[in-house]
Amino acid sequence: MFNKFKEKLKSLFTSRKIDEAFFEELEDTLIEGDLGARLTDEVIETLRKAAKEERAKSVEDLQRIMKDILSCYVNPFEFEPKKGELTVFLILGVNGVGKTTSIAKIAQYYKDRGYKVMLAAADTFRAAAVDQLDIHAERLGIRIVKQKTGSDPGAVVYDAITSAQSQGEEIILVDTAGRMHNKENLMRELQKINKIIANRGVKEENYKKFIVIDSTTGQNGLSQTLLFNEAVKVDGVILSKYDSLSKGGALVQIGQQLSLPVAFVGTGESYKDIHKFDKDEFLDSLVGIDK
């Protein structure tokens, strides 16, 4: 898959000798790749030291060291829903990041693995969000719990859990509002939903909160994660739109600051275009290593 950032990094590693100009260009490239100034400084300082001590005698050595540095901050989310038990995934994210589409893809992922899946349309403030999720549910052949636009999102979640418990469904994917008229209202609403789920007999270990991050948005991904994590402690990240325009560095920043693992990566338009996060593959791609 062609990616301008990764192609630039790969070109740098394959066509330059290790000198000061190399490190300066690498620093600029990493900042452009959304690693952020602080993490970029750490990477460059470590690589310079390795080159000076001759632990890195080639660009391949530098790539390996760089991968080792970043590997501390990027990890997969290790969780498998238990058959016969109810698991609730609360899906968070601002409008426009691909949240509702990601929900549909995850529903397909678990349906394909034999789970009984349903959707809960708790983004009741946007009629389009409810309609979109309804269309996905119909196409996927799964149930959806919804109410009219403007309804209480907490009531939707309450009804969804009650219904799932009575019907023997194993996974509920809850869509949530990405924006209300102010931050305080949004955070208060999410905290209310969080409390309802916790009080409806769902086991603590079966309740997970994921934030969807658009991989093309860069630094905004970190600020969005910090915002939602402040309201309800986020358990993991879903990376959407990981295509030719994405860089992926923001994922490392999120891991560095919040130690959040990555659950899924969305890579295309179809329901099948979602995968469990592969740490080794992601880091190889990020630092320009060919396998």
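The values are calculated or read from the model by the stated rules, or taken from the named source; none is laboratory data. Fair warning: this is a prediction, and the values are worked out from it, not measured in the lab. Note: ideal-geometry Cβ built from the backbone for every residue, glycine included; neighbour counts use all protein chains shown. Protein only, heavy atoms only, side chains kept; ligands, DNA and RNA dropped before computing areas. Shrake-Rupley method; radii C 1.70, N 1.55, O 1.52, S 1.80 Å.
Numerical summary
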quantity	calculated
Answer from 105, 83 - the residue that is of a type outside the set (A, V, I, L, M), in contact with a Phe, Trp or Tyr (Cβ under 6 Å, 6 or more places away or on another chain) and more than 30 Å from residue 47 (Cα to Cα)	105
Enumeration of residues in the stretch 102-131 that are modelled with pLDDT under 95 and open to solvent by 30 Å² or more (accessible area, probe 1.4 Å)	125, 126, 127, 128, 131
Neighbours by Cβ (under 6 Å, 6+ apart or cross-chain): first from the stretch 221-241, more than 18 Å from residue 197 (Cα to Cα); second among the acidic types (Asp, Glu)	240/214; 241/214
Which listed residue, of 214, 278, 235, is of a type outside the set (Lys, Arg), surrounded by fewer than 20 Cβ atoms within 10 Å (Cβ to Cβ) and within 11 Å of the chain's Cα centre (by Cα)	235
Positions within the stretch 145-187 being over 27 Å from residue 227 (Cβ atoms) and either among the β-branched types (Val, Ile, Thr) or crowded, with 21+ Cβ neighbours inside 10 Å (or both), in sequence order	162, 164
Selection status of residue 284, open to solvent by less than 30 Å² (accessible area, probe 1.4 Å), touching a Ser or Thr at 6+ places or on another chain (Cβ under 6 Å) and either in contact (Cβ under 8 Å) with a residue 60 or more places away in the chain or closer than 25 Å to residue 38 by Cβ (or both)	no
Verdict on residue 41 being in a helix (DSSP H, G or I), modelled with pLDDT of 90 or more and either more than 30 Å from residue 185 (Cβ to Cβ) or open to solvent by 70 Å² or more (accessible area, probe 1.4 Å) (or both)	yes
